[in-house]
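Student: I have a structure here, written as structure tokens, and I will follow up with some questions on it.
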Amino acid sequence: MRQILVFILFAGMLCWIMFSPIYRHVAIIRGAVLQQEVDYLLEVGASGTYGYISGEMQQQSMDRLAGLGLVREELRYEYSTTSGVNATNAAAPVPRGTGISIRISYPYENMFLIDSLIGLTPIPADARMSAFGMKMSEYVP
């Protein structure tokens, strides 16, 4: 009986040791991809040419992230400005000097469930990783 218990504990530890670095790297890469996309959207949207982030820009962003393996329907985009104006309105671009901020979030998808094998509490199923950025608009009417 004791040998079976030792085998089960050893097998659980072996699985965790083997797969822990893999899923943690996946989480790091996903976070980096989200941050890169936030930075790109801010660079384009807050430029002097646009001053806003359109629905088309968001769709192109979703396409790029879907091409990297993320599920389009799970991505959430949140926009805000320091003055409270709408950051997605092409008819009224955000004027120069006003900050545009973006937050993109994506679920962890039970990625850390394997941690429960060694007694760690996994991240809740509804938890989301997110990337945030802010840039001052350069648009001059």
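Student: Identify all residues within the range 71-83 that are under 24 Å from Ser137 (Cβ atoms) and assigned to a loop (DSSP other than H, G, I, E, B); write none if there are none.
Tutor: Leu75, Thr82, Ser83
Student: Still on this model: Could you please find all residues in the range 96-141 being among the small types (Gly, Ala, Ser) and either modelled with pLDDT under 95 or open to solvent by less than 50 Å² (accessible area, probe 1.4 Å) (or both)?
Tutor: Answer for the range 96-141, where residues must be among the small types (Gly, Ala, Ser) and either modelled with pLDDT under 95 or open to solvent by less than 50 Å² (accessible area, probe 1.4 Å) (or both): Gly97, Gly99, Ser101, Ser105, Ser116, Gly119, Ala125, Ala127, Ala131, Gly133, Ser137.
Student: OK, next. Name every residue in the range 29-70 that is in a loop (DSSP other than H, G, I, E, B) and either buried (at least 18 other Cβ atoms within 10 Å of the Cβ) or in contact (Cβ under 8 Å) with a residue 12 or more places away in the chain (or both), in order of residue number.
Tutor: The answer is Ala46, Ser47, Gly48, Thr49, Tyr50, Gly51, Tyr52, Ile53, Ser54, Leu68, Leu70.
Student: Right, here's the next one. Scan the range 71-84 for residues that are open to solvent by less than 40 Å² (accessible area, probe 1.4 Å) and farther than 23 Å from Asp126 by Cβ and jot them down.
Tutor: Result: Thr81, single match.
Student: Continuing with this model, one more query. Could you list, in sequence order, all residues of the range 102-141 that are among the charged types (D, E, K, R) and farther than 19 Å from Ser61 by Cα?
Tutor: Listed by number, the residues that qualify are Glu109, Asp115, Asp126, Glu138.
The values are calculated or read from the model by the stated rules, or taken from the named source; none is laboratory data. This one's a predicted model, so the numbers in the text were calculated from it and none came from an experiment. Here the Cβ is made from the backbone with ideal geometry for all residues, glycine too, and neighbour counts use every protein chain on show. Only protein heavy atoms, including side chains, enter the accessible area calculation; ligands, DNA and RNA are left aside. Shrake-Rupley method; radii C 1.70, N 1.55, O 1.52, S 1.80 Å.
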